[in-house]
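To start, the structure itself, in structure tokens.
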């Protein structure tokens, strides 16, 4: 068993100070962190971690998750806990004892910020999915704008080639304002390079979330602006397909 040399000056309590409630991470654990950081042997580090730090860190992370209700969608408690603990281990070496800060406070801040950041990231991704569904649901549910391609000779590459021609003509029209031109140009680039941008699938369906993400990144337009202007280009596409099917 590893023996820790506790600095006696650290153990002294200030007169009248209330005892800490975080007894699972106290003087011994603070010293263990410092020893963990200066030990060069991986074997010794593992012993220090397993004997003095693993359980206290587990309790600290559990307390943070439950106290601040930092739960993530599509992940159970055990998965959230394990993911947070793994992330913390990648940041332990960043702690600087020379700054006279408490490891407990530093580690707690790291875990809380990480969890909050992941929750915000999850929420943004969910908003993107919901926003794109808002864009596409109206048109996709309208029977007059739906179609079935029964002619095997009309493939997606042919349709895309014709759509690019029609889109280019539309972008050259004078009534196309700056924002519409920006979005139209982005759509043109997506279709022109769809083979390298989008993953190959057996049913040739584009990933809706990737499309929306690419449009936002390429144009710096908000979801609301894209929702407003994309209808014009969707109608252009569906009208083209109808023309092709009637031939």
task: Return yes when residue 187 is modelled with pLDDT of 85 or more and under 26 Å from residue 214 (Cβ atoms) and no when it is not.
output: yes
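Within segment 69-76, identify whether any single residue is in a helix (DSSP H, G or I) and in contact with a helix residue (DSSP H, G or I) (Cβ under 8 Å, 6 or more places away or on another chain), and answer yes or no.
So far as segment 69-76 goes, no, none of its residues is in a helix (DSSP H, G or I) and in contact with a helix residue (DSSP H, G or I) (Cβ under 8 Å, 6 or more places away or on another chain).
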task: Would you be able to tell me the number of residues in segment 102-123 that are farther than 19 Å from residue 24 by Cβ and free of Cβ contacts under 8 Å to residues at least 24 places away in the same chain?
output: 5
task: Determine which single condition residue 162 fails, assuming it passes every other condition in (1) modelled with pLDDT of 50 or more; (2) surrounded by fewer than 11 Cβ atoms within 10 Å (Cβ to Cβ); (3) closer than 23 Å to residue 242 by Cβ.
output: (2)
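Determine which member of the set 66, 128, 72 is within 24 Å of the chain's Cα centre (by Cα), closer than 22 Å to residue 223 by Cβ and either modelled with pLDDT of 85 or more or not assigned by TED's automatic domain parsing to the domain that holds residue 235 (or both). First the steps, then the outcome.
Working: 66 fails: closer than 22 Å to residue 223 by Cβ; 72 fails: closer than 22 Å to residue 223 by Cβ.
Residue meeting the stated conditions: 128.
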- prompt: Residues of segment 38-57 being part of a helix (DSSP H, G or I) and touching a helix residue (DSSP H, G or I) at 6+ places or on another chain (Cβ under 7 Å), which ones?
  reply: 45, 48, 49, 52, 53, 56, 57
message: Given the criteria surrounded by 11 or more Cβ atoms within 10 Å (Cβ to Cβ), modelled with pLDDT of 70 or more and either within 16 Å of residue 231 (Cβ to Cβ) or outside the structural domain of residue 75 (by TED's automatic domain parsing) (or both), does residue 167 qualify?
response: yes
message: Looking at segment 1-59 only, could you name the residues that are surrounded by 14 or more Cβ atoms within 10 Å (Cβ to Cβ) and modelled with pLDDT under 60?
response: 22
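The values are calculated or read from the model by the stated rules, or taken from the named source; none is laboratory data. Not measured: the values here are computed from a predicted model. Please note: Cβ atoms are built from the backbone with ideal geometry, for glycine as well, and neighbour counts cover all protein chains shown.
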